[in-house]
1. What spacing in nm lies between the two simple spin-label points modelled at I218 and A77, each 7 Å away from Cα in the Cβ direction?
2. What is the spin-label model distance, in nm, from T84 to E119 if the labels are put 7 Å beyond Cα along the C-beta direction?
3. Under a point-charge model restricted to the Cβ atoms of Lys and Arg (+1) and Asp and Glu (-1), what is the dipole moment magnitude of region 41-107 relative to its Cα centre, in debye to the nearest 20?
4. Say each of S186 and E102 gets a label point 7 Å from the Cα, pointing the same way as Cα to Cβ; how far apart are those two points in nm?
5. Step through the residues of region 207-220 one at a time and calculate ³J(HN,Hα) from phi using the Karplus curve (6.51 cos²θ - 1.76 cosθ + 1.60, θ = phi - 60°), rounding each to whole Hz and writing x for Gly and Pro.
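Nothing in this text is a laboratory measurement; each read-out follows from the coordinates by a stated rule. This structure is a prediction, so every number in the text was calculated from the model and none was measured. Glycine gets a Cβ as well: all are built from the backbone with ideal geometry, and neighbour counts include every protein chain shown.
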Amino acid sequence: MWDNHKLLNTLANVLLALAALLAAWGGIRLVAESPLFPLKVIRIEGDLAHVQRADIVAALQGRLASSSTFFNLDIAAVRVLFETVPWVRRAEVRRMWPDRLEVRMEEHVPLARWGLPEEGRMVNTFGEVFSVAGKNVDSGTGSELPAFSGPAGTSIEVARSYVAFRSILAPIALEPRAVMLSPRYSWQLKLSNGMAVQLGRETEKDKVADRLTRFAMIYPQSLAPLSRRLDYVDLRYPNGMALRVPGMKETNPAVVKSPPAQKRTTDQKTERKKSA
């Protein structure tokens with residue numbers, strides 16, 4: 001082996017290459033950890049209406065290492081920190097030479113309140129639930145928005161249904177001010193005129209949206225002209241609806257049968273008896 005000059009030269013070249021790589025790695029580590037390249041500026045960008053500077057400072061306080069430099073900063077970890085700031089839905093973080101960090105934030109666009117007001121939660125236009133720093137949304141931001149509620153994990157379904165319900169009610173100048181989905185997946189609405197609408201559970205043969213569509217079709221001619229205000233409508237009946245007016249006992253609602261087919265059936269039975 002020691003007499004093989006070609007092999008010795010190859011081995012020497014390999015050792016020199018390894019030494020060069022180690023030296024380069026050491027140089028890179030030295031530069032990355034060198035205090036000569038500190039981060040001096042954090043620039044925040046984005047169309048921000050609710051994000052407060054104090055909330056950003058609180059989120060980063062004590063969590064962004066003072067030893068972080070331009071090269072060794074963990075971008076992914078910093079992004080997660082910014083996304084903990086109230087009202088921030090998403091953050092994009094990038095380095096800008098030589099000492100700047102640029103952060104572009106996307107805010108939540110609120111669609112509705114979610115759950116109890118004291119919980120300080122809202123639903124954005126993607127159907128995602130987010131927190132507004134534990135604030136009571138009825139006493140500040142969001143008090144004019146509709147209220148949603150439902151079992152855990154149903155916020156997207158409730159948000160989509162709200163959009164559909166709002167479209168159905170728009171021609172009769174009403175809109176849902178509250179959309180509630182019970183633990184048994186039964187739907188109920190509170191409309192802008194104060195009326196509660198019980199839609200019930202959805203089935204393959206009778207969709208909830210179809211029930212509300214039938215209500216919107218008969219409302220202008222049958223319910224809107226009534227002199228007495230209605231406070232409850234139950235649409236779970238296949239051939240009509242149950243109504244309740246203020247002062248009337250809940251156990252004795254007025255029932256309005258919408259299809260005329262039932263009346264024709266009764267008349268036919270009467271004619272048969274007379275002919276007999």
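1. It works out to 6.5 nm between the two label points.
2. About 2.3 nm separates the two model spin labels.
3. Numbers: 10 positive and 10 negative charges, 30 e Å.
Once rounded to the nearest 20, the dipole reads 140 debye.
4. 5.5
5. 6, 4, 5, 5, 4, 5, 5, 4, 4, 5, 6, 8, 4, x
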